[in-house]
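Q: One structure follows; several queries about it will come next.
Nothing in this text is a laboratory measurement; each read-out follows from the coordinates by a stated rule. Fair warning: this is a prediction, and the values are worked out from it, not measured in the lab. In this analysis, Cβ positions are derived from the backbone assuming ideal geometry, glycine residues included, and neighbour counts consider all displayed protein chains.
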Amino acid sequence: MSHWEKKANGWVFISHASEDYEDVRVVRNYLEDRGFSALMFYLKSLEHESRKEQIKKLIGWEISARNIFVLCNSIHAQNSEWVQWESDYVKALPNKIYKTIDIVAFTDGKESELKKLDYLTKKATIYLSYTHKDKDKVDKISAHLNSLGYKVYDGSTALEGGDDIEEVMEQALSEAARNGVVLMFLSENAKRSKWFWDEKSRALHSGASIIPVVIDDVGIRDFPALRDKQFIDASKGLSDSILQLIEKEINYIDV
């Protein structure tokens, strides 16, 4: 994976009718200017009916691999068999971010429609707060979120890079407060970690949305400032269902 791909804020599949190509380019450019990897294309092979099922598999794989689906809706799109199929396909998948842009409204001004996409940037940055003794558990979640295109901050990355950890942490928390959430991993190790308590205080002070994740038998009441927050219970292990629940909660928070 290249350097720019690692830094992509999210992976976007843009569904559109070929007749709307020029307007859809505006949507794609808007997303790319904000750090997203946005895919729009016209496949010449769509003209061959004999290849239809093969192409469906290819498009389905790509939609599944991306965490964001943007439908560029128009009369042409509504009459397009492929656009309707893509829309139905993504709706059957779990934990996808789905946004609709009204191409017809572009005639009255593009800005108000494009602003709808700013919602996506608010979900882009995930700050992982945990003690290094729990790194093996947290790494699985970090890898999962990275694979979905989220911009994930991990304190250990700054340490390995030789950066000023205090400065990097403050910058990352500020970005998470503006454009994302903090996943705070609670454990017996965290309870005994001075670094974790300091980081927790900074996260609370930043005003970021916080999702506590309990990863062992520790009680949420051992963390008084988090008692009233809805938490995710991953004490029995990080199963696929837990990973999906974490992703769902990230997408649900309106920051």
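Q: Find the percent of Cα-Cα distances in region 3-120 that exceed 22 Å, and round it to a whole number.
A: It works out to 32 percent of all Cα pairs.
Q: What is the angle, in °, between the Cα long axis of helix 165-179 and the longest principal axis of the Cα atoms in the chain? Nearest 10 is fine, range 0 to 90.
A: The answer is roughly 50 degrees.
Q: Something else about it: Over the alpha carbons of region 16-84, what is the largest minus smallest coordinate on each principal axis, giving the biggest first in Å?
A: 38, 27, 18
Q: Also, I was wondering about something else. Using the per-residue mean of other Cβ atoms lying within 10 Å as a proxy for protection, in what order, highest first, do the peptides 55-64, 41-50 fall?
A: Put in order of decreasing packing, that is 55-64, 41-50.
Q: Given a Förster distance of 30 Å, report the FRET efficiency between residue 143 and residue 218 from their Cβ-Cβ distance, rounded to the nearest 0.05. Write down the numbers at each step before the final one.
A: On the way: r = 23 Å, r/R0 = 0.78.
Efficiency, rounded to the nearest 0.05: 0.80.
Q: If you take Cα Rg over 2.2 N^0.38 Å from the coordinates, which of (i) 1.26; (ii) 1.13; (iii) 1.02 do you get?
A: (ii)
Q: Tell me the mean residue ellipticity at 222 nm calculated for the chain from its helices only (DSSP H runs of n ≥ 4, each -39500 (n - 2.57), averaged over every residue, nearest 500). Display every interim value, and only then the final one.
A: Numbers: 13 runs with 120 residues, N = 255.
It comes out at -13500 deg cm²/dmol, rounded to the nearest 500.
Q: Taking every pair of distinct Cα atoms and averaging 1/r, then inverting, what Kirkwood hydrodynamic radius in Å comes out for region 172-255?
A: 13.2
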